[in-house]
Amino acid sequence: MISKISSQALAGLGLIVVSTLTCATASKLKQVSLPEFLIGEFEDDYGVRYRVDNELIRLLPNDTYHIIGINKNKEYLILQNDSLNAFAPSLFSRIDYERLNDMHPYEWAFCFSNYDEPSVKDAVKNTNTQKSDLMTGCNGFPFSRMKRLEEAE
C-alpha cells in the first residue's frame with residue numbers, strides 16, 4: 001500500500017515538495033509551484049499530447065502522473081505513476097527537463113529518466129540522463145521537445 005510521503009523525506013533527497021499527494025491519499029500540501037514554462041497543454045515532436053499543471057502530468061489520453069517533488073536547481077521532477085496507469089502503476093518516475101532557447105516552437109524538452117522505481121529514493125538516484133546532448137541524452141534516445149498545443153494545431 002502506498003502511503004503519504006513526508007516533506008522531510010523529500011527534502012532529504014534534495015527535493016522541494018510540490019504536493020504530498022500520492023495515489024492512495026487525498027490530502028494535499030502545496031509547497032511550491034512548477035516553473036511557468038512547464039504548465040499548459042503541449043504536444044511533443046512525436047505527436048503525443050500532454051496536459052501539465054502543478055499537481056499532475058497527463059499523457060493523453062490515458063496516463064497520469066502525480067507530481068510529488070521538484071529539484072529546480074538540477075531541473076527534475078519526481079512523480080508517482082497513477083494506480084490506473086497500464087504500465088508500472090503506483091511506482092515512481094523521474095522526469096528531467098530543460099528549457100529550450102532559440103528552438104521555436106519548442107519551449108522545453110524532457111526525458112523520463114526512469115519510470116518504474118519502487119521508491120522515491122530510487123527514482124531520484126537511478127538516472128541515465130545527459131542534458132548536454134538532447135539528441136541521445138535520454139537513456140540513449142532523444143529528449144522529447146515540447147511545444148504549446150495552441151502552436152501545435
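The values are calculated or read from the model by the stated rules, or taken from the named source; none is laboratory data. Remember, predicted model here, so these are calculated numbers, not experimental data. Note that each Cβ is placed from the backbone with ideal geometry, even for glycine, and that neighbours are counted across all protein chains shown. Side chains are part of the model used for accessible areas, which takes the heavy atoms of the whole protein and leaves out ligands, DNA and RNA. Shrake-Rupley method; radii C 1.70, N 1.55, O 1.52, S 1.80 Å.
Worth pointing out:
- Evaluation of residue 95 against the conditions (1) open to solvent by less than 10 Å² (accessible area, probe 1.4 Å); (2) β-branched (Val, Ile, Thr); (3) not in a strand (DSSP E or B) shows that the sole unmet condition is (3).
- Residue in the stretch 67-74 that is over 21 Å from residue 37 (Cα atoms) and touching a residue at least 12 places away in the same chain (Cβ under 8 Å) present: no
- Number of positions in the stretch 101-136 that are modelled with pLDDT of 95 or more, buried (at least 17 other Cβ atoms within 10 Å of the Cβ) and assigned to a loop (DSSP other than H, G, I, E, B): 0
- Filter pass, residue 25 being open to solvent by less than 40 Å² (accessible area, probe 1.4 Å), modelled with pLDDT under 95 and more than 20 Å from residue 150 (Cβ to Cβ): yes
- Looking only at the stretch 39-86, and only at residues there that are within 10 Å of the chain's Cα centre (by Cα) and among the β-branched types (Val, Ile, Thr), the one that is farthest from residue 106 (Cα to Cα): 68
- When restricted to residues that are open to solvent by 30 Å² or more (accessible area, probe 1.4 Å) and out of contact with any Lys or Arg (no Cβ under 7 Å at 6 or more places or on another chain), the stretch 33-52 contains 7.
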